[in-house]
Amino acid sequence: MIVQRENWGSKLGFILAAAGSAIGLGNIWKFPYIAGENGGAAFIFIYLICIAIIGLPVLIAEILIGRTGNADPVGSFRKLSNSKFWTAVGGMGVMAGFIILSYYAVISGWSLGYIVEAMSGSFNNFVDATDSNAHFGELIGNVWWTVGLQALFMVAVILIVFAGVQKGIERGSKILMPLLLVILLIIMIKGLTLDGADKGLEFLLNPKWEKVTGVTVLMALGHAFFTLSLGMGAMMTYGSYMSKKDSIFTSAVQVIILDTFIALIAGIAIFTAVFAIGQNPAEGPGLIFQTLPVVFAKMPGGYIFGILFFLLLTIAALTSAISLLEVVVSYFVDEKGWARHKAAITFGIVTFLIGLPSALSFNLLGDTKLFGLSFFDIADYLTSNIMLPLGGLLIAIFVGWVWGFDKVLENVKQGAEKLFEQSFWRIQVWKFFLKYLSPVLIFLVLLHSLGLF
Ligand code: PHE
């Protein structure tokens, strides 16, 4: 049975979907707090370098494998390499998709629940962080709240993936991404106009080089992977629906610009408000769910901005989550011949079930620890710190060394003929980064994650 494989309706469709995958909790929840904790502008500077010299080359490589293989990550690697080892690398991506989505949906569920909290006015009587911490603790300690919202979020993810590449993911991204940008701009303008916003800007933009260590560089690099959805086949899968008439180089640059831009304005929006209201900026992961509600309680118009903020966070999470489920679904559709509908529902439910131990880490299973880590922490650590960098390393090696660079050239040129005629040096720079710089640096990140140095 040969069924016509799905594809994007337009180049913009790919850009918005890929940007939707990239822009997620990583940009709005993680980036501001790690930048805040690691030297502000100094971290941002290092992060931007990592994005340019490693993120971009690996992103191009990943999209290229998918577009050329024209299949899910397993099928693409098999077609291009004919080797069991490389096919297994695709398989690791599918596994990572399962695991990331399983815990990603838990935090996304909290975000969804916080829209309701904001609407019901429960932030209004917060006086300081103790109140919001207690409230947060109570909510995530409640099994039904956590699991119910995780389930609800997964239903939304399943529905979009169920509807297909063009009718679901592309259409959803075309509505949600502009909405996300508008909401974020509104919140940023609000932040910038608050009294005392300049202290927030200074915090974010004034480099504190003394806070930068070797570990900062590794964190910046690790985050570059996570935020660009690299190393697990999400960009490969989205690339597999891309037309050969479009330029991978240009598209990848556009996706990166959007992702970076959103992370930066999220940082500005959050820190201007946090400083203007006089809260502690170095709150780590609790910044969003614990510090911000107090900020909203005290800020003029905070009721509306609280709702808008969590709506924004949920939208960002949703467009990333669909790319994670799509990796798994594309595998079962392409490799196992499943119908998309059946795959979306089945693996949406399976992912929800795999995510239960993560959701319960904050309540019922609070005391269950493996190596001192909760299920949630293990799932996060295993994927963000090990599977994604390992996947990225192997992708760089495959395209840089194994595939054969004449074939790589032939394929990456498709849709970008003019660009390469005008400036062939781009290819040379890309090749150099992919062959030498990326593998070495990513390898260092991996060693560090494994505690080897
Ligand atoms: N890039 C997403 C974020 O920043 C997370 C993600 C990682 C999505 C890997 C898909 C694949 O939140």
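If you count, for each residue, the other Cβ atoms within 10 Å and average over each peptide, how do 442-449, 82-89 line up from highest to lowest? All intermediate terms of the calculation are to be shown ahead of the outcome.
Details: 442-449: 19.4, 82-89: 15.0.
Highest mean packing first, the order is 442-449, 82-89.
If I require 27 Å or longer along the helix axis, counting alpha carbons, and a Kyte-Doolittle average no lower than -0.5, what helices from the chain are left? Use full DSSP H segments.
Qualifying helices, which must be both long enough and hydrophobic enough, are 84-119, 143-162, 171-192, 248-276, 302-334, 340-360.
To the nearest 20 Debye, how big is the dipole of region 1-89 about its Cα centre, given +1 on the beta carbon of each Lys and Arg and -1 on that of each Asp and Glu?
For this selection, approximately 320 debye.
Carbon and sulfur atoms: what percent of the 1.4 Å accessible area of the chain do they account for?
Whole-percent figure for carbon plus sulfur exposure: 68.
With a 10 Å radius around each residue's Cβ, average the other Cβ atoms per peptide and rank 388-397, 254-263, highest first.
Working: 388-397: 25.5, 254-263: 21.3.
The densest-packed peptide leads the list: 388-397, 254-263.
State the answer as a single residue: which of P32, L394, T130 lies farthest towards the positive end of the charge dipole of region 11-449, with beta carbon charges of +1 for Lys and Arg and -1 for Asp and Glu, about the Cα centre.
So the residue furthest toward the plus end is L394.
How large is the accessible surface per residue of region 312-434, computed with a 1.4 Å probe and reported in Å² as a whole number?
43 Å²
Leaving ligands, DNA and RNA out of it, rank L318, L159, L434 by accessible area with a 1.4 Å probe, largest first.
Ranked from most to least accessible, the order is L159, L318, L434.
Under a Cβ-Cβ cut-off of 10 Å, what is the net charge of the residues other than Y241 that fall near it, where Lys and Arg count +1 and Asp and Glu count -1? Let's see the in-between values first.
Values: positive: R5, R67; negative: E6, E170, E326.
That works out to -1.
Quote the charge dipole size of region 318-453 about the Cα centre in Debye, to the nearest 20; the model charges only the Cβ of Lys and Arg (+1) and of Asp and Glu (-1).
220 debye
Which entries of K211/K431; K79/K336; K11/K336 have Cα-Cα distances beyond 21 Å here?
K211/K431; K11/K336
If you average the C-alpha positions of region 335-411 and of region 40-69 separately, how far apart do those two centres end up, in angstrom?
Comparing the Cα centres of region 335-411 and region 40-69, I get a distance of 19 Å.
Among residues other than W401 whose Cβ falls under 11 Å from its Cβ, what is the net charge (Lys/Arg +1, Asp/Glu -1)? Don't jump to the answer; show the numbers that get you there.
Values: positive: K431, K435; negative: none.
Local net charge: +2.
Residue farthest toward the positive end of the dipole of the chain, with Cβ of Lys/Arg at +1 and Asp/Glu at -1: which of F296, F376, L419?
L419
Say the dipole of region 42-170 comes from +1 at the beta carbon of Lys and Arg and -1 at that of Asp and Glu; which of G66, S81, V94 then lies farthest toward its positive end?
S81
Give the distance, in whole Å, between the Cα centre of region 220-261 and the Cα centre of region 70-148.
Centre-to-centre (Cα) distance: 20 Å.
In nm, to one decimal, how far is the N280 label point from the T346 one, both placed 7 Å along Cα→Cβ?
Result: 4.9 nm between the two label points.
Quick one: length gained pulling W425 to K369 fully straight, 0.36 nm per residue minus the C-alpha distance? Let's see the in-between values first.
On the way: separation 56, 0.36 × 56 = 20.16 nm, distance 5.13 nm.
Answer, rounded to one decimal: 15.0 nm.
What does the charge dipole of the chain about its Cα centre add up to, to the nearest 20 debye, if the Cβ of each Lys and Arg holds +1 and the Cβ of each Asp and Glu holds -1? Present the calculation step by step, with values, prior to reporting the outcome.
Details: 27 positive and 26 negative charges, 283 e Å.
Dipole of the chain, to the nearest 20 debye: 1360 debye.
Which of the three applies to region 1-125, rounded, prolate or oblate, going by the alpha-carbon gyration tensor with a ≥ b ≥ c and a/c under 1.5 meaning rounded?
prolate
Expressed as a rounded percentage, what relative contact order does the chain have, with Cα pairs under 8 Å and six or more residues apart? Mind showing how you got there, number by number?
Working: 742 pairs, mean separation 152.0, N = 453.
Answer for the chain is 34 percent.
The values are calculated or read from the model by the stated rules, or taken from the named source; none is laboratory data. All of these numbers come straight from a predicted model, not from anything done at the bench. Here Cβ is always computed from backbone atoms with ideal geometry, including for glycine, and neighbour counts include all displayed protein chains. For accessibility, only protein heavy atoms count, side chains too; no ligands or nucleic acids. Shrake-Rupley method; radii C 1.70, N 1.55, O 1.52, S 1.80 Å.
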